[in-house]
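One structure is given below, encoded as structure tokens.
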Amino acid sequence: MLSIVIPLYNEVHTIYEVLSKVSGVDLPDSMDHEIVIVDDASTDDSCQEVERFCQSHPKVKLNLTKQDRNSGKGAALRRGIEASKGEFIVIQDADLEYDPNEYRILLQPILEGRADVVYGSRFMGGNPHRILFFWHTIGNKFLTFLSNAMTNLNLTDMETCYKMFRAEVLKEINLKENRFGFEPEVTAKISRVKGIRIYEVGISYYGRTYDEGKKINWKDGVRALWCILKYNIWAKK
């Protein structure tokens, strides 16, 4: 079974459509899936939209957990990972920037017995991606380059949302970051797992602007830089 972990915060305009797409994915070998949502104390009607979806799709396996206070994406992901019951885990944002139909692409190297972790890269392959912020791209590539230098990996997109794991591997990782530092932290710690097999596949990307609800900003980039140094040099456990 595939566990789809969705951290949710103020995505009232997109979460219903995301859940419709996620619940309708066609997985290899008729694989079952569950949706694990952790609401990070949303102040809009995001949770009501999730409940509306559950009422109209009673057969979908969906587990909604609500945080008592806003703690950040990383904190929501930790809770969602802990609650997951599937053999495989994939991270899914609550917006429309990524296409759940591409879970099959991520799953393939794992199901073929070649990978333990698969990253979905927005910068490789011939899949469509929306053209947006130049400096975001430069920042992303710089952070990926620095992360690679520290981990000795050759990823093209360390900051991607789409990361798929064998659950047994991910659940052994001691994660601590509460916000967007999850990405460099999990990459650093996964890279040190003995015998780990990490793959990367090309995916589509339908990015959004700040007016459309994008939340990550330059402060998160600075934090990511700090996390790369922290979790690769003096806080490896």
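Ranked for footprinting exposure by Cβ neighbours inside 10 Å, fewest first, W234, W226 give W234, W226. Entry note, the chain: the mean residue ellipticity at 222 nm calculated from DSSP H runs of n ≥ 4, each adding -39500 (n - 2.57), is -10500 deg cm²/dmol after division by the residues and rounding to the nearest 500.
Remark: spin-label model distance R69-K141 equals 4.1 nm, labels positioned 7 Å along the Cα→Cβ axis.
Taking square-rooted eigenvalues a ≥ b ≥ c of the alpha carbon gyration tensor, is region 86-174 rounded, prolate or oblate, where a/c under 1.5 means rounded and, failing that, a/b exceeding b/c means prolate? Since a/c reaches 1.5 but b/c is at least a/b, the shape of region 86-174 is classed as oblate.
Most tightly packed first, judged by the mean number of other beta-carbon atoms within 10 Å of their residues, the peptides 46-55, 115-124, 152-161 read 115-124, 152-161, 46-55. Straight-line cross-link reach from K59 at under 15 Å between alpha-carbon atoms covers these aspartates and glutamates, not counting any fewer than eight positions away in the same chain: D32, E34, E51.
Computed over the chain, the convex hull of the alpha-carbon atoms projects to a mean area of 12.1 nm². Helices from the chain with mean Kyte-Doolittle at least -1.0 and a Cα length along the axis of 20 Å or more, per DSSP H: which? In the chain, the long hydrophobic H runs are 134-151. Annotation: the antiparallel percentage among DSSP beta bridges lying fully within the chain is about 20.
Computed extension gain for N174 through K85, at 0.36 nm per residue and net of the alpha carbon distance, reaches 30.2 nm. For region 60-108, the Kirkwood estimate of hydrodynamic radius, built from reciprocal distances between every pair of different alpha carbons, is 12.7 Å.
Averaging the sequence gap over all C-alpha pairs within less than 8 Å and six or more residues apart, then dividing by the number of residues, gives the chain a relative contact order of 24 percent.
Any read-out appearing in this document is the output of simple, stated calculations on the displayed coordinates, not a laboratory observation. Note that the structure is predicted; figures quoted are calculated from it, not measured. We place every Cβ from the backbone using ideal geometry, glycine too, and count neighbours over all the protein chains shown.
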